[in-house]
Amino acid sequence: MLRLKKEIKPLSTTPVLTGKNSAAAIERVGQTYGVENWGFGYFFINEAGNLSVAPLGARNRSIDLLEVVESLAEERFPTPFLVRFPQILEDRLTAIHRAFRKAIRDFEYEGAHLGVYPVKVNQKAEVISSLVEAGRRYHYGLEVGSKAELLAALAAPLSERALIVCNGLKDDLFLRMAVQAEKLGKRTIIVGEDKAELKTALELGSRLGIPAEVGVRVKLYSRGSGKWEESGGEFAKFGMGSIALVSTLNMLKEMGFANRLKMLHFHIGSQITDIRRAKQAYKEAARVYAKVRQMGFPVEFLNVGGGLGVDYDGSKTASEFSVNYSVQEFANDVIYTISEVCVSEDVPAPTIVTEAGRAMTAYHAVLVTDVRKVIRPGMEVEYAVDTIESEAEPVKELIEIANGINSKNFREYYHDALQQRDDLNKLFELGYLSLEDKAKGEWLFWDVCRRAIKLSHSLKQRPEEFEDLERLLAAKYVCNFSMFQSLPDFWAFDQLFPIMPIHRLNEIPEERGILCDITCDSDGAVDKFVDVRDVKETLELHPLRPGEPYYLAMLLIGAYQETLGDMHNLFGEVSEVSVTIDDEGEIHKDGFQRGDSVREVLAFTGHDPDEIRDSLAQQLSRRIESGSITLEEEHQVMATASLALDDYTYLG
């Protein structure tokens, strides 16, 4: 095919917006990453083009995240690290409790509301202590599911009216601690999963002379919605169906312990996405409560579990990563629905207990990492088309295609390039093509592909083949973190989190890429990203600048991620710091915790670091005796090993 040579001009589908602090650029970049949609008022782009955090929702008291990161770098606090904003925890707790208090006033609800924090959502001591301190005025309590969590809860300075709700399966020692909590001035409710467990708890209390207070976890027919809806419903892992419930109630009466049943507990899912499904479940829960009260059981608390969701993608829909309601709407529906049933059944309104965990903690933690390199498939070496010389026919054809491709012929030329690449590989397999010519031809092919992708954006109906090609050629931004340690829900459940740069947000991002971690596992990549309309398979990013760091933030990761992470490749827990802002706008960094060292993760997995060091020393000693190395070389190796044992597990 005859092709006309044309001057090659840079192709761009993004207009260049000039001005370092261009408000138009910042607005456009904000829309690209959806900050205003999922940020919940806590995150925004400031005039300098940096990501800012407003822990109390007021932009006049905000924290420039880049300034925090740069100050930590000066203090030799390398990425990756977790930045906590404990004031966000306080703000979330206050907002949720105020929403329920408003709903109680508005609907003239005759009962009350108590919140408890499910410790499993984030067991970190600083998170629990922040919530306990902020929640004392609301008599905020804790929900636990193991002996370790119970001990942590018993040690916490809770309000005297706060509850400790004990869920999950329990052994005798767990039950003994829960019953004896009364001696510490703590009020625990032992929620039974089956009749035998409740019987054991009540008999234990009698032997100890302590009136144990119990609850029953009941399975509803109704289920929540979203990724974790299977945790509710009649086939859920925990709880009693109506048959087991009636049998248990009869047992309590026979034992003379009907007055010890203080709580009915329900749970329909961790992240309820659709409020309509939730209202149906709360109505069923209230109906069960009313019937149990009418049977003569003085139940005081109706625990509706967790489920208050987080809008991860900002779409405000009942989609997998969003919710179609506000906190106030959630509180209104809980209070109104239960109130309506209680009035109709003529039973006292219970104290409603909620276990918001995800909505309480998700926003407060941000993982910051930096990009170490960018890999562009097929572009490992930078050629220039007009400098490539070759006598190989496929290479010469590809040169002509690269010179001639334009907005009118790009699809045809792309198909021609595919054919030439096939010819290139066939000739190489037969031994008629040198390795150098193959490399030149490959580079030309990928260059044509990238040009075709850019030109395809001008079409109103873009061919699917170019969308697939764009995903295939997305740049790989290699970042200093482990997905398995810091984003385990992405790997295990396809949970998405907002991810974006923390600076250069007054520049239009021109690259499309995915994020690769530094583990040696092909699964260690983030290749799906939140978007208001859809799930993006690439993320808009900036090209790297020589000698300058490029920082990315992974946001809304405060729920479940930290203690679920594993030590893949023996990358340990990351460093962390807490950041607050005072009334004068002064920013304070404290709570510094260095991440795991190599020594610590080796010990955690059963290796003895000292034995490893001794083994190295013995091997080097034998090498010295054989004359293979010198004493000075032995000292150098041992010094390097000692430094490595005490170093951060991530890249320095």
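The values are calculated or read from the model by the stated rules, or taken from the named source; none is laboratory data. Fair warning: this is a prediction, and the values are worked out from it, not measured in the lab. Methodologically, a virtual Cβ is constructed for each residue, glycine included, from the backbone with ideal geometry; neighbour enumeration extends over all protein chains shown.
Filtered by the rule that a residue be modelled with pLDDT of 95 or more, assigned to a helix (DSSP H, G or I) and of a type in the set (A, V, I, L, M), region 171-206 gives Leu173, Leu175, Met177, Ala178, Val179, Ala181, Leu184, Leu198, Ala201, Leu202, Leu204. So is Leu424 of a type in the set (A, V, I, L, M) and loosely packed, with under 14 Cβ neighbours inside 10 Å or not? No: the conditions fail for Leu424.
Going through (1) out of contact with any Asp or Glu (no Cβ under 6 Å at 6 or more places or on another chain); (2) free of Cβ contacts under 8 Å to residues at least 60 places away in the same chain one by one, Asn403 falls short only on (2).
Tallying residues that are among the hydrophobic types (A, V, I, L, M, F, W, C) and surrounded by fewer than 17 Cβ atoms within 10 Å (Cβ to Cβ) within region 479-533 yields 4.
Any idea which residue in region 46-55 is surrounded by the most Cβ atoms within 10 Å (Cβ to Cβ), counting only those that are in contact with an Asp or Glu (Cβ under 7 Å, 6 or more places away or on another chain) and without any contact (Cβ under 8 Å) to a residue 60 or more places away in the chain? Ranking the qualifying residues of region 46-55, first place goes to Ser52. Out of curiosity, is Glu600 surrounded by 15 or more Cβ atoms within 10 Å (Cβ to Cβ) and among the charged types (D, E, K, R)? For Glu600, the condition - surrounded by 15 or more Cβ atoms within 10 Å (Cβ to Cβ) and among the charged types (D, E, K, R) - is met. Based on this model, can you work out whether Lys454 counts as buried (at least 20 other Cβ atoms within 10 Å of the Cβ), out of contact with any His (no Cβ under 6 Å at 6 or more places or on another chain), outside any loop (DSSP other than H, G, I, E, B) and among the basic types (Lys, Arg)? The answer is no for Lys454. For region 58-106, enumerate the residues that are farther than 26 Å from Thr369 by Cβ and not in a helix (DSSP H, G or I). Selection gives Ala58, Asn60, Arg61. Give the residue that is surrounded by the fewest Cβ atoms within 10 Å (Cβ to Cβ), with candidates limited to residues of region 397-421 that are among the basic types (Lys, Arg) and farther than 14 Å from Trp443 by Cβ. Filtering first and then ranking leaves Lys408. Only one entry of Ala125, Ala134 meets the criterion of being of a type in the set (Gly, Ala, Ser), under 30 Å from Ile499 (Cα atoms) and surrounded by fewer than 19 Cβ atoms within 10 Å (Cβ to Cβ), and that entry is Ala125. Listed by first and then second residue, the pairs linking a residue in region 298-314 that is in contact (Cβ under 8 Å) with a residue 12 or more places away in the chain to a residue that is hydroxyl-bearing (Ser, Thr, Tyr) and in a strand (DSSP E or B), with Cβ atoms under 8 Å apart and 6 or more places separating them unless they lie on different chains, are Glu300/Thr351; Phe301/Thr351; Leu302/Thr351; Asn303/Thr354; Val304/Thr354; Gly305/Thr354; Gly306/Thr354; Leu308/Thr354. Within region 613-637, the set of residues being surrounded by 11 or more Cβ atoms within 10 Å (Cβ to Cβ), over 20 Å from Glu600 (Cβ atoms) and touching a helix residue (DSSP H, G or I) at 6+ places or on another chain (Cβ under 7 Å) comprises Ala617, Leu620, Ile624, Ile629, Glu634, Val637. Residue check: Ile335 meets all listed conditions (1) surrounded by fewer than 24 Cβ atoms within 10 Å (Cβ to Cβ); (2) not in a strand (DSSP E or B) but one, namely (1).
Can you say whether Leu114 is in contact (Cβ under 8 Å) with a residue 40 or more places away in the chain, within 29 Å of Tyr551 (Cβ to Cβ) and surrounded by 16 or more Cβ atoms within 10 Å (Cβ to Cβ), as far as the supplied structure shows? In short, no.
Taking every residue in region 353-366 that is at pLDDT below 95 and pairing it with any residue that is not in a helix (DSSP H, G or I), at least 6 positions away or on another chain, yields no pair with a Cβ-Cβ distance below 6 Å.
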